[in-house]
Amino acid sequence: MGLTNVGSNNFRSEIIWAYKRWSNSKKGLLNSHQNIFFYSKTNNYKFNTLYTNYSLTTNLDQILQNRVKDSDGITVYQTDQDGNIVNNYDKKGVPLSDVWNIPYLNPKAKERNGYPTQKPILLLEQIIKIGSDEGDIVLDPFCGSGTALATAKLLKRKYIGIDISDEAINLCKERLTGNIVKTDSKLLEDGIEKYNHKSKEEQFIIDLFDCLPIQRNSGIDAIIPSEDKENVIALKFQKDNESLEECISKMNKSCKIKGIKNKIIIKNKLSQKTNSFEKDSEDIIILSSYKELLTNLIKVAKNYKK
């Protein structure tokens with residue numbers, strides 16, 4: 001095959017692998033994606049379409065109604081000869097886009113084997129599912145940690161791996177002969193929306209004071225950051241299913257672990273009505289509502305000006 005038949009003529013698309021990573025001290029934008037170039041040897045190549053769920057904003061009509069292009073090339077809803085909208089009740093979802101949000105391997109993940117450029121099996125799964133079927137052969141000429149080979153084995157494909165490094169080959173053999181460990185992602189299974197447990201009122205306060213929202217922590221809902229550790233403030237909203245005593249206990253425990261001294265609790269409406277716990281904690285400011293928080297800030301501002 002001549003060079004004129006290779007390269008741009010065989011390029012199909014660019015895939016963006018996007019992920020969240022811990023920040024570092026590097027000056028500039030944080031690296032949080034990698035580029036994957038999709039090429040094929042010829043125009044006759046295998047491609048299996050994968051599907052994802054519809055957006056939360058997609059309504060029933062948008063899902064069911066078929067779309068076609070009219071004479072001007074504009075996409076419109078398909079209608080029959082009587083002008084009735086044509087529905088499709090066998091929709092599989094939205095075809096996979098060229099931006100893949102797949103988590104980076106956690107440094108402590110059991111799937112990690114110490115190879116510096118190791119990729120997650122979840123990433124290779126999508127690549128291999130798109131371009132092959134069960135029983136096909138997957139070739140990785142730079143197999144490194146063996147992720148492509150391990151994934152091919154899990155997906156019931158045959159595989160061939162090549163690498164110049166004896167260390168890499170030995171690592172691949174060890175990985176393929178043992179139990180292949182795959183790190184599943186709760187983020188992909190549940191969706192990112194499930195991790196947001198803040199009410200509209202709570203989110204309003206978090207945005208108003210430019211707080212850092214904290215998820216998956218029962219003792220801290222948000223943090224007001226500061227370069228001086230002594231000025232960091234932790235914020236917690238009392239939940240409807242916890243007493244004020246429980247709320248204080250959870251916050252004290254979390255803040256002790258993180259070394260945060262300044263603490264604010266905003267009581268829920270039920271606690272405000274019952275007044276089941278009137279005595280404030282020694283080192284926690286307890287407020288009845290976000291309005292009381294704003295009122296106190298205004299008082300402080302006025303005294304400061306004097």
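The table below lists the values:
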item	result
Inter-residue pairs, beta-carbon under 8 Å, first of a type in the set (V, I, T) and in region 200-213, second assigned to a helix (DSSP H, G or I), 6+ apart	I205/Y290; I205/L293
Filtered residues of region 79-113 (kept if more than 17 Å from the chain's Cα centre (by Cα), assigned to a loop (DSSP other than H, G, I, E, B) and in contact (Cβ under 8 Å) with a residue 40 or more places away in the chain)	K92, G93, K110, E111, N113
Criterion: surrounded by fewer than 18 Cβ atoms within 10 Å (Cβ to Cβ) and farther than 20 Å from F38 by Cα - qualifying residue of K129, K156	K156
In region 160-214, residue modelled with the highest pLDDT [restricted to those that are outside any loop (DSSP other than H, G, I, E, B) and among the small types (G, A, S)]	G161
Some residue of region 232-242 being at pLDDT 85 or above and assigned to a helix (DSSP H, G or I)	no
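The values are calculated or read from the model by the stated rules, or taken from the named source; none is laboratory data. Because the structure is predicted, anything quoted here is derived from the model rather than measured. Cβ: placed from backbone, ideal geometry, glycine included. Neighbour counts: every protein chain shown.
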